[in-house]
Ligand code: TYD
Ligand code: MG
């Protein structure tokens, strides 16, 4: 066996060093490097050593074309969860479910386990954090006390694998959480990245050989105390994040990586006293309690994967007392806001240099689509000018640096969703000249005013003042 040197491992990203450093050069994290024994050398994880052989085994190589079947899946029965995974848990795949502590990971997985177990599948729920009685108590509170889920409180990976390998392999095994697991193949202390990585490796091997779908729960912590689950992201088949802020009841599930399905679908849940409830029509939820008469709010007709989603974008533009005015944004990209502000100044004739600007996406949602530019711009212009936008209008479109409004994908789906929720008009980009479709004949579900440039939007909102006064 190779001689073990003490190694220093970054608990954020898993980089290994020969000596202690204050800052990790790989990920830039401060104070995240901790001494570990057993992480053999830089560059190597706790790879199981195997006896060296002079000759390798010859394996068959195959062509790209050939007989392939759709990966067999077990649907969870929770539609929002299945939407994110792409139709259910693929046999033998490993999903990492990450999220802040207390967001509802254990609750959701207990609900999914019970739903599967009730349909006659073998499901094992291994908790490394809570005692069996605690898990049982939660299941009872959720009204799932009778579901035949196999429960255990255990942290040793070898014992877990030996137990699960007995009898019919489970359809689903839940490991809550990967940070509490430890394996005998690695010497480091539980909770360190080396242990997390080693445990994950063993569990992944178990999933592949048994066909059991394994879900690893990973807490995302800001401080470096507990190993960040980021080190296992590249080893698993799917990384799903469960987000939301504890002040809101909504929880959004999003696939960050998915080898067997889409990565742009979201699942929306609501935390209630009976656990997590699915939200089949999130637009209604995100628009509930909307303040329509106040300047500075615009409804954005967005898309999350294949699903249209209407959200309210709120802006507050107020004179600043600071030398450098504040720019704060929640739920959207900071640099995107800077760009929209720059375009509004350069091409829209707005003076924002002496104003603080705040932008918020209502309901705790995080938007990544560039199509939100136009709605954000409308909210900003509305707040600055003091003119409330019409409450029955939705906005979408991408803003170019020249001030041009660029067309975005899936216009029809956005408009249909808006019409369904009672909106009667839309401010949108000029449609693409699509000869193949004979674009003019395409019926739009609501009245749209297509605008080509940011000046049209400014004029549109300014006209409202003249009409009102
Ligand atoms: P939990 O699933 O334990 O979170 P995680 O595993 O992500 O750390 O959920 C914790 C929170 O959920 C807790 O603060 C209480 C709340 N909760 C409800 O609001 N309703 C419920 O029915 C349950 C079981 C939990
Ligand atoms: Mg938990």
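The values are calculated or read from the model by the stated rules, or taken from the named source; none is laboratory data. Here the structure is a predicted model, which means the values were calculated and not measured. So basically every Cβ, Gly included, is an ideal-geometry build from the backbone, and we count neighbours across all protein chains shown.
Per-structure values
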read-out	value
Conditions (1) in contact (Cβ under 8 Å) with a residue 60 or more places away in the chain; (2) over 14 Å from residue 203 (Cα atoms); (3) within 16 Å of ligand 1 (Cβ to nearest atom); number of the one not met by residue 131	(1)
Unmet criterion (only one of (1) under 24 Å from the mean Cα position of the chain (by Cα); (2) part of a loop (DSSP other than H, G, I, E, B)) for residue 423	(1)
Qualifying residue in segment 78-90 (condition: in contact (Cβ under 8 Å) with a residue 24 or more places away in the chain, assigned by TED's automatic domain parsing to the domain that holds residue 266, within 16 Å of ligand 1 (Cβ to nearest atom) and more than 17 Å from residue 277 (Cβ to Cβ))	no
Filter result for residue 201 (assigned by TED's automatic domain parsing to the domain that holds residue 125, surrounded by fewer than 23 Cβ atoms within 10 Å (Cβ to Cβ) and either more than 26 Å from the chain's Cα centre (by Cα) or modelled with pLDDT under 90 (or both))	no
Any hit, segment 256-266, residues being surrounded by 15 or more Cβ atoms within 10 Å (Cβ to Cβ), outside any strand (DSSP E or B), in contact with a helix residue (DSSP H, G or I) (Cβ under 7 Å, 6 or more places away or on another chain) and assigned by TED's automatic domain parsing to the domain that holds residue 375	no
Test set (1) within 13 Å of ligand 2 (Cβ to nearest atom); (2) surrounded by 21 or more Cβ atoms within 10 Å (Cβ to Cβ) - residue 220 fails condition number	(2)
Of residues in segment 192-221 being in contact with a helix residue (DSSP H, G or I) (Cβ under 8 Å, 6 or more places away or on another chain) and within 16 Å of ligand 1 (Cβ to nearest atom), the one nearest to residue 116 (Cα to Cα)	215
Boolean, residue 341 is away from ligand 1 (no atom under 16 Å from the Cβ), farther than 24 Å from residue 217 by Cβ and buried (at least 19 other Cβ atoms within 10 Å of the Cβ)	yes
Residue 280 more than 14 Å from residue 365 (Cβ to Cβ), at pLDDT 90 or above and in a loop (DSSP other than H, G, I, E, B)	no
Subset tally (residues that are at negative phi and away from ligand 2 (no atom under 16 Å from the Cβ)) for segment 74-96	16
